[in-house]
């Protein structure tokens, strides 16, 4: 979740009409190739699904909740964000999508205004790099989860962050954006020290790493379309690559080389898988 406020005064080259592939669908194709949004298993990410009896908390949900894929499970949702307009738009996007119920709360998560042990699934997607006290934040996530709650916690990978640092907009690494860069070891240590057992720790997202580098290099004026010629070209190239016989294996190798994000699936320490 990134909120950039300053733009560089450079000339923009934006394609007048976006080709069908030159939109967010290529990113979705890449995520699916990693295991996100698995229609066959109903899992948001490998090892992280939900059912109609679950209460899902999506922290820092933004306008488009990462957890939205799970709405079809019939679970109930609590959507939390510091921006009330984001909570409202996120809630509207889930209503009518199969969720049993949708509740929105405006909060900075210090503390989270929920009772102890009130949710069974927690999604905190690329939020921990924004918070001033990550240990306190994780303690709050632990507090509101039931004993057998399942957690999906993700953060930008240090490799991609450091690759972007020389040419990213200045406020990318300033409050309220990315105020810390977490190595894989630091991320794992924080989560374990907060009282969680890590089930899986995945690094992936080469496509997104390069997308953001090209975003800065081409002075793309906004995250969404219309995109610059450079981004259009990259999105089409990646789509064509994934459709080749060797594409999936090359993606796996590149994801390991320059990952965009790290994704941790965890549960409270000492709890056996349900």
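Residue 57 meets each of the listed conditions (1) assigned to a helix (DSSP H, G or I); (2) in contact with a helix residue (DSSP H, G or I) (Cβ under 8 Å, 6 or more places away or on another chain) apart from (1). Evaluation of residue 234 against the conditions (1) part of a helix (DSSP H, G or I); (2) closer than 30 Å to residue 271 by Cα shows that the sole unmet condition is (2). Of the residues in the range 37-52, not one is farther than 24 Å from residue 262 by Cα and part of a strand (DSSP E or B). Can you tell me which residue within the range 63-76, out of those that are surrounded by 15 or more Cβ atoms within 10 Å (Cβ to Cβ) and under 17 Å from the mean Cα position of the chain (by Cα), is modelled with the lowest pLDDT? Out of the qualifying residues, it is 63.
Return the pair list, or none, for Cβ contacts closer than 6 Å from residues in the range 155-184 that are free of Cβ contacts under 8 Å to residues at least 12 places away in the same chain to residues that are assigned to a loop (DSSP other than H, G, I, E, B), at least 6 apart or on different chains. Filtered contacts from the range 155-184: no entries.
For every residue, the table says whether it meets (1) over 20 Å from residue 156 (Cα atoms); (2) out of contact with any helix residue (DSSP H, G or I) (no Cβ under 8 Å at 6 or more places or on another chain); (3) loosely packed, with under 15 Cβ neighbours inside 10 Å.
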site: 203; (1), (2), (3): no, no, no
site: 208; (1), (2), (3): no, no, no
site: 213; (1), (2), (3): no, no, no
site: 217; (1), (2), (3): no, no, yes
site: 227; (1), (2), (3): yes, no, no
site: 237; (1), (2), (3): yes, yes, yes
site: 251; (1), (2), (3): no, no, no
site: 254; (1), (2), (3): no, no, no
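Scan the range 212-227 for residues that are modelled with pLDDT of 95 or more and closer than 20 Å to residue 29 by Cα and the total you get is 4.
Of all residues in the range 126-172, those satisfying the criterion of being surrounded by fewer than 17 Cβ atoms within 10 Å (Cβ to Cβ) and either modelled with pLDDT under 95 or in a loop (DSSP other than H, G, I, E, B) (or both) are 132, 133, 165, 166, 167, 170, 171.
The values are calculated or read from the model by the stated rules, or taken from the named source; none is laboratory data. Computed from a predicted structure; not experimentally measured. We place every Cβ from the backbone using ideal geometry, glycine too, and count neighbours over all the protein chains shown.
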